[in-house]
1. Compute the Rg to Rh ratio over segment 53-228 from the alpha carbon atoms, using the Kirkwood formula for Rh, and round to two decimal places.
2. Please list, by residue number, everything in segment 192-214 whose backbone N is under 14 Å from a paramagnetic label point 7 Å out along Cα→Cβ of residue 97.
3. Taking the Cβ-Cβ separation of residue 106 and residue 179 as r and a Förster radius of 30 Å, what is the calculated FRET efficiency to the nearest 0.05?
4. Sort 110, 208, 184 so the one with the fewest other Cβ atoms within 10 Å of its own Cβ comes first.
5. How much length, in nm to one decimal, is gained on full extension between residue 147 and residue 196, taken as 0.36 nm per residue of separation minus their Cα-Cα distance?
6. By how many nm would the segment from residue 131 to residue 189 lengthen if fully extended, with 0.36 nm per residue of separation less the alpha-carbon distance?
7. Once the Cβ-Cβ distance between residue 229 and residue 77 is put in as r, and R0 is 35 Å, what FRET efficiency do you end up with, to the nearest 0.05?
8. Given segment 128-182 reduced to its alpha-carbon atoms as identical point scatterers, what log10 I(q)/I(0) does the Debye formula return at q = 0.14, 0.20, 0.24 Å⁻¹?
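Values in this text are rule-based calculations from the coordinates and carry no lab data. Every value quoted in this text rests on a predicted model; they were computed, and no experiment measured them. Counting neighbours? That spans all protein chains shown, and the Cβs are built from the backbone with ideal geometry, glycine included.
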Amino acid sequence: MPDYFNFINLNQINISLIWSSDKNSLSQDSLRNQLMVQEYENLIQALLEKGFGSVDNWFSTLEIEGLRKELLLRYENDAFRLAGIGNKLNLQKEKTIRNDKIHWLKQDTENPFEVQFFKRIEAFSDYLNRTCFAGISTFEFHYAVYEPGSFYKRHSDQFNNDDCRRFSFVLYLNESWESDDGGELVIYTDQSNYILPSAGKVVFFSSELEHEVKVSNAQRLSLTGWLRTNKVF
């Protein structure tokens with residue numbers, strides 16, 4: 001990637017710049033696009049090197065708060081259901097494997113924060129298709145709530161009868177999170193990779209990788225989904 005700048009803070013409205021190769025000013029929109037491309041490349045490079053990547057600050061504090069507020073509103077209105085395992089052809093609800101609650105999002109939502117989220121996902125999918133020939137054709141996302149004592153045992157996001165889930169994408173919406181709160185995402189490669197679900201963290205990984213959610217000691221909130229292809233690999 002070109003070295004356009006030496007300092008980045010996506011959560012600041014006023015972005016400090018030290019230009020290294022071009023002193024011409026860029027519009028804020030153009031600059032933000034450059035920052036997003038850099039984040040895309042960071043995730044893709046990490047995925048190629050170790051099977052998964054994670055970044056902070058992809059979404060602003062305002063966006064995280066807006067999504068968290070909408071999640072909690074629907075949760076309080078009893079819009080969540082106990083999550084199952086398997087797909088619609090063999091769906092089972094097995095509390096010994098997972099006991100979180102989920103609420104599926106509709107892409108025609110009118111909530112402005114969800115609309116913006118889906119625009120971000122669509123832009124990322126388009127970038128993957130242009131640069132990596134990923135073949136992403138659609139995506140699906142749900143909110144997830146892990147109450148204290150909840151977990152999801154080791155599993156893969158690809159189904160035995162359907163491997164169209166190509167990449168898994170998680171955005172954590174917790175207001176704050178400490179190591180004692182548990183609930184780590186563990187991604188299994190040649191080693192066990194523990195990821196704390198801190199607010200605003202994005203995790204991106206191959207859906208064929210096995211992973212699990214450790215027992216949570218506090219209410220754990222996330223927006224989780226998959227980038228999908230139309231064909232079986």
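1. Numbers: Rg = 15.4 Å, Rh = 16.6 Å.
Using only Cα positions, Rg/Rh for segment 53-228 is 0.93.
2. Taking a point 7 Å out along Cα→Cβ of residue 97, the residues of segment 192-214 whose backbone N falls under 14 Å are 211-213.
3. Numbers: r = 35 Å, r/R0 = 1.17.
It comes out at approximately 0.30.
4. Details: 110 7, 208 15, 184 20.
Going from sparsest to densest Cβ surroundings: 110, 208, 184.
5. Numbers: separation 49, 0.36 × 49 = 17.64 nm, distance 1.60 nm.
The residue 147-residue 196 span can extend by a further 16.0 nm.
6. Details: separation 58, 0.36 × 58 = 20.88 nm, distance 2.46 nm.
Gain on extension, residue 131 to residue 189, equals 18.4 nm.
7. On the way: r = 34 Å, r/R0 = 0.97.
E between residue 229 and residue 77, to the nearest 0.05, is 0.55.
8. -0.61, -0.99, -1.16
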